[in-house]
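Student: I have a structure here, written as C-alpha cells, and I will follow up with some questions on it.
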Number of protein chains: 2
Amino acid sequence: MASKGNIAVLGSGLIGRSFAMLYASAGYMVKIYDISEDMLKDAMSYIEQRFTALQANGLLKGKLTAEEQLKLITVATDMRDCVESAFYVHECVPERLDLKKKVFGELDKLVKSDTILASSTSCIPASQFSEGLNLKNRCIVVHPIYPPYYAPLIELIPAPWTDADVSTRVKDLMEEVGSKPIVFKKEILGFGINRIQYAIIKVCWDLVEDDVLEPEDVEKILKNGLGMRYAFTGQFETMHMNGFGVTDNVDRYGPSIWAVLNDMKPVTELKSDSDTAKKIHDAMCRTFSTVDGLPEKRKWRDDRLMALAKLKKEMGDD
Amino acid sequence: MASKGNIAVLGSGLIGRSFAMLYASAGYMVKIYDISEDMLKDAMSYIEQRFTALQANGLLKGKLTAEEQLKLITVATDMRDCVESAFYVHECVPERLDLKKKVFGELDKLVKSDTILASSTSCIPASQFSEGLNLKNRCIVVHPIYPPYYAPLIELIPAPWTDADVSTRVKDLMEEVGSKPIVFKKEILGFGINRIQYAIIKVCWDLVEDDVLEPEDVEKILKNGLGMRYAFTGQFETMHMNGFGVTDNVDRYGPSIWAVLNDMKPVTELKSDSDTAKKIHDAMCRTFSTVDGLPEKRKWRDDRLMALAKLKKEMGDD
C-alpha cells in the first residue's frame, strides 16, 4: 500500500485524534506528536476503538479497512521526527497564543519552505501566531466543528500574507477526506462558527437574565425547533423557502427583523459568578447532566451526530 | 368513539392544517373554518394524504388509525358553526394585525366566556390583538415552528392579562399531542424563535455584506456544522458539554465571546433591493433552488425533518 504523502499532527487530544483519523481515511501516512508516550498510547487506543465502531456502523470514511487505516497512523515524542517528511503539519495543541507561537516558531526552523502549516485554533487568527516567521506565508487556520468526523464543516482562514496555493491545497485535502471546507476571503474575529454561536449565546442568555424563559425551555427552541431545520438547511436557504425567494422574504419580514434586532439589549460581559450563569448552570445540571456525567453525555451526543451523518448520507445530502 | 371535546381551527393554510392533524391525533373533534369550500376541500385532501403517508412511515401520532383521525376532522364556512361548541379556538389566518383584530372581535361575540382563544401569530403579541376584548383574559399566542408535525417546539406567550389556567390548559393540550411547549413569563418582541433566528440572519448577512464569505459557504456553517449539533442539544447544553459545565465554560470563553460580540456591526435595516440581498438571492437560486422549484424543495425539507423526527424517537430523545 503506497502512501500518498506524510502528514504531521501536533497534539493528541480529541481534535488531533479526529484529524489523524480523517487523514488516514484518505490514505495519508499520519504521525501524531505529543510530549508523553502515555498520551500517545491513549490516543492510539481511542483511534483503534473508533475505527472499529465506525466500520461496524458503515460510517468508516474512505476505501481502506479500519485495520489498514490504523496502520497508517504512527506516533512520535520528538517534533523533528514527526514533521521532517511531512508536506502538511496540523497543529492541534491547547488554545493559548504563547503556546501556538512557540510551536510555530519551532516549526519555522524544522520544516522545508513549501510545507503547509495549519492550526486548528478556534479563535486566534493566523496573522497573530505567524507574524515574524520565515514561513508566515505557509500558515493557515483550519478550524473544525467538534466532532469533525461527523460534522463535516471546516473553516479555512488564511492570513493576509498566506500564499494562495496553501488555501487551495488544504481545501482539496479537506474535500478529499469528505469534509466541507469554506475558505474565508479575510480574517475576522470568531471566524464564522463562533460569530453565529456567540450571537445565539447572547440571545439565549438575555432570555434567562430578563426572566422571560427558564433555561431548560430556552434549550427547546433549538433542539426541538430551529436546530432540526438547521441540520439540513442554512439560514439563507430557510429564508429562500419561507417566501418566494430571499428578496421576497426580506420584503415581507425585513421590518420585523429590524424591529426585533433593535429590541436586543446592548452587549454586556458574561460573568461566570453572575446569578444568570449560576441559574443556567444549575438548570443544566438538573435537566441535562451533572458535571461528572458529561463524558458520558458527550458520547451520547456523538452517537446522535453519527446517526444524523448516516441519515444525511442515506438521503443523498451533501 | 367518544370525542374528548371540540376544537375549532380558523384558517386552512399549512399551519391550520398541521394543527388540525395534531389535535385529531389525540382524539379531539376538530372543525376547520375558512372562507371558501374549495380551500377547505384542498385542506382535507392534503390532510388525508399526510395521514396516510405518516402511518406508512410509522410516524402517525396518537393511538388512532389514519382513518379514525381523519373522521374527527370536519369543515365549516360559517364561523359561528365552527366555534360554537369548541372549548378551544386556534386562529391560523394570515399575519396581519387588522385581520387578527377582526377575527378576535368576532370570536368575542360568538364564544362562551371560558373558551380559550389562541393565535398562531409569529410576531404579534397577544396584548396587541386582544386589548379591548371582553375575553382578553382568554387570549394567548400559540406559535409553532414550521412544520409543527415534525418539529415539536411550541411557544406559548400569554398577554399580561391572560388567565393562568389558559396557559396551563394549552400547555397540557400541547403535551398531549406530543409537542414541546414552552411558556413565556412575559411578552417579548419576536418571542424566542425569531429572536434567535434574526440574530443569526444578522451575522450571516454581515458575512456576505463584508465580503468575508460567499453566501453558499455561509450556509454550510449551519447545515454541515452547528445545525447538526443543535438538532440534539441546545446552546446551554452545548456550553455545558464544551467545558466542565456552564460556569467553567463562561470562565474560559467569556472574554472571547465578549470580544466577538463587540466586533459585530451596528444593526442596519435589511433591504430587498440591496446588492447583498441580490447576491444572496442569486446564490440561493443557483446552489439551492430556483423560486419555481421551492414547493418541491419544501417537500424535500419536510422529508428530512420527518426522518430526523423518526431518528430522534428511535434514539429515545424527547
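The values are calculated or read from the model by the stated rules, or taken from the named source; none is laboratory data. Just so it is clear, the model here is predicted, and its values are computed rather than measured. All Cβ positions, glycine included, derive from the backbone under ideal geometry; neighbour counts span all protein chains shown. These accessible areas exclude ligands, DNA and RNA; they are computed on the full protein's heavy atoms, side chains included. Shrake-Rupley method; radii C 1.70, N 1.55, O 1.52, S 1.80 Å.
Student: From the protein chains alone at 1.4 Å, what is the descending order of accessible area for A:SER122, B:SER113, largest first?
Tutor: Ranked list, largest accessible area first: B:SER113, A:SER122.
Student: Continuing with the same structure: May I ask for the accessible area buried between chains B and A, both sides summed, probe 1.4 Å, to the nearest 100 Å²?
Tutor: Approximately 11000 Å² gets buried when B meets A.
Student: Turning to a different aspect of this structure: Size of the dipole of the range A:230-290 about the Cα centre, Lys and Arg at +1 and Asp and Glu at -1 on the beta carbon, nothing else charged, in debye to 20?
Tutor: So the magnitude is around 240 debye.
Student: Using a 1.4 Å probe and ignoring any ligands, DNA or RNA, find the accessible area of B:ARG96 and quote it in Å² to the nearest 10.
Tutor: Accessible area of B:ARG96: about 120 Å².
Student: Tell me the Kirkwood hydrodynamic radius of chain B in angstroms, computed as one over the mean inverse distance between distinct C-alpha pairs.
Tutor: Evaluated over chain B, this radius sits at 21.7 Å.
Student: Given H placed on each backbone N at 1.01 Å, which residues far from B:SER119 in sequence or on other chains put an amide H within less than 5 Å of it?
Tutor: Here B:GLU91, B:ILE140, B:VAL141, B:VAL142 satisfy the definition.
Student: Go ahead and run the numbers for FRET between B:LYS186 and B:ASP273, Cβ-Cβ distance against an R0 of 60 Å, rounding to 0.05.
Tutor: 0.95
Student: Give the dimensionless ratio obtained when the Cα radius of gyration of the range B:79-175 is divided by 2.2 N^0.38 Å.
Tutor: So the Cα radius of gyration is 1.00 times the expected 2.2 N^0.38 Å.
Student: Sorted from largest down, give the three principal axis spans of the alpha carbons of the range B:38-113, whole angstrom values.
Tutor: 42, 25, 21
Student: Shifting gears a bit: Taking the range A:160-318 as the region of interest, what is the percent of Cα-Cα pairs per 10 angstrom bin, listed from the shortest bin to the one with the maximum distance?
Tutor: 8, 23, 34, 27, 8, 0
Student: Let me ask you something else. Number of Lys-Lys pairs in the range A:193-287 under 19 Å by Cα, sequence gap 8 or more or different chains?
Tutor: 8
Student: Give me the Å³ per residue figure for the convex hull around the C-alpha atoms of the range A:6-183.
Tutor: Taking the convex hull of the Cα positions in the range A:6-183, it is 96 Å³ per residue.
Student: Additional query: Treating the angle as unsigned and between 0 and 90°, give the value, to the nearest 10°, between the Cα long axis of helix A:294-314 and the longest Cα principal axis of chain A.
Tutor: Helix A:294-314 and the main axis of chain A meet at about 90 degrees.
Student: A further question follows. Rank these by accessible area, largest first, 1.4 Å probe: A:GLU84, A:GLU91.
Tutor: A:GLU84, A:GLU91
Student: Shifting gears a bit: Between B:ARG80 and B:ASP172, 0.36 nm times their residue separation minus their Cα-Cα distance comes to what?
Tutor: Here the answer is 30.5 nm.
Student: Once R0 is set to 25 Å, what does the formula 1/(1 + (r/R0)^6) return for the Cβ-Cβ distance between B:ASN134 and A:ASP211, expressed as a FRET efficiency to the nearest 0.05?
Tutor: Between B:ASN134 and A:ASP211 the formula returns 0.25.
Student: What share of Cα pairs, in percent, lie more than 49 angstrom apart in the protein assembly as shown?
Tutor: In whole percent, the share of Cα-Cα pairs in the protein assembly as shown beyond 49 Å is 16.
Student: Any chance you could check the Cα centroid distance between the range B:108-134 and the range A:96-111 for me, in angstrom?
Tutor: 64
Student: I've got another one for you. From the label point of A:ASP263, set 7 Å from Cα along Cα→Cβ, how far away are the matching label points in the other copies, in nm, ordered shortest to longest?
Tutor: 2.9
Student: Take peptides B:225-233, B:26-34, B:123-131 and line them up by average Cβ neighbours within 10 Å, highest first, as a rough protection proxy.
Tutor: Averaged packing, sorted descending, gives the order B:225-233, B:26-34, B:123-131.
Student: Just name one of A:MET174, A:ILE188, A:ASN137: the one whose Cα is farthest towards the positive end of the charge dipole of the range A:137-212 (beta-carbon charges, Lys/Arg +1, Asp/Glu -1).
Tutor: Farthest towards the positive pole: A:ASN137.
Student: Average partner chain C-beta neighbours within 10 Å, per residue of A:116-124?
Tutor: Mean shielding by partner chains, rounded to a whole number: 1.
Student: Distances from A:ALA164 to the same position in the other copies: list them in nm, one decimal, shortest first, using label points 7 Å from Cα along Cα→Cβ.
Tutor: Going from nearest to farthest copy, the values are 6.8 nm.
Student: When DSSP assigns beta bridges and you keep just the ones with both residues in the protein assembly as shown, what percent turn out antiparallel, to the nearest 5?
Tutor: 15
Student: Multiply the residue gap between B:GLU314 and B:LEU14 by 0.36 nm, knock off their C-alpha separation, and tell me the result in nm, one decimal place.
Tutor: Full-extension gain reported as 105.3 nm.
Student: Taking the Cα centre of the range B:193-287 as the origin and placing charges on Cβ (Lys, Arg +1; Asp, Glu -1), which of B:VAL218, B:ALA199, B:ASN242 is farthest toward the positive end of the dipole?
Tutor: Among B:VAL218, B:ALA199, B:ASN242, the one farthest towards the positive end of the dipole of the range B:193-287 is B:ASN242.
Student: Enter the Cα centre distance for the pair the range B:157-202 and the range A:200-270, rounded to the nearest angstrom.
Tutor: If we compute the Cα centre of each part, the gap is 14 Å.
Student: Still on this structure, please answer the following. Which value, in debye to the nearest 20, gives the size of the charge dipole of the range B:160-318 about its Cα centre, when Lys and Arg are +1 and Asp and Glu are -1 at the Cβ?
Tutor: My answer is approximately 320 debye.
Student: While we're looking at this one, here's another question. Suppose a student asked you for the relative contact order of chain A, using Cα pairs under 8 Å spaced at least 6 residues apart; what percent would you report?
Tutor: 13
Student: Just the number, please: Stokes-Einstein D of the range B:193-287 in µm²/s, Kirkwood Rh from C-alpha pairs, 20 °C, 1.002 mPa s.
Tutor: 141
Student: For the range B:193-287, what's the relative contact order in percent, using C-alpha pairs closer than 8 Å and at least 6 residues apart?
Tutor: Over the range B:193-287, the number comes to 34 percent.
Student: Right, here's the next one. Can you pull the one-decimal nm distance between simple spin-label points at A:LYS71 and A:GLU296, each 7 Å off the Cα toward Cβ?
Tutor: My value for the distance between the label points is 3.9 nm.
Student: Just reorder B:PHE87, A:PHE19 by solvent-accessible area, largest first, 1.4 Å probe, all chains present.
Tutor: B:PHE87, A:PHE19
Student: Considering only the label points, 7 Å along Cα→Cβ from Cα, what distances in nm to one decimal separate A:TYR46 from the same position in each other copy, shortest first?
Tutor: Result, one decimal in nm: 4.9.
Student: Could I ask something else about it? For A:TYR88, which sequence-distant residues (separation of 5 or more, or a different chain) have an amide H within less than 5 Å of its own amide H, given hydrogens modelled in the peptide plane?
Tutor: Close amide H contacts, sequence-distant or interchain: A:ALA8, A:ILE116.
Student: Another question, then. Would you mind working out the magnitude of the charge dipole of the protein assembly as shown relative to its Cα centre, with +1 at each Lys and Arg C-beta and -1 at each Asp and Glu C-beta, to the nearest 20 Debye?
Tutor: 720
Student: Calculate the spin-label point distance for B:LYS109 paired with B:ALA53, positioning each point 7 Å from the Cα along the beta-carbon direction, and give it in nanometres.
Tutor: 4.0
Student: I need the calculated FRET efficiency for the pair B:LEU97 and A:ASP263, taking r as the beta carbon distance and R₀ as 25 Å, to the nearest 0.05.
Tutor: Result of the calculation: an efficiency of 0.90.
Student: Could I ask something else about it? Ignoring everything except DSSP H segments at least 4 long, calculate the 222 nm mean residue ellipticity for chain A; use -39,500 (n - 2.57) per segment, divide by total residues, nearest 500.
Tutor: So the calculated ellipticity at 222 nm is -15500 deg cm²/dmol.
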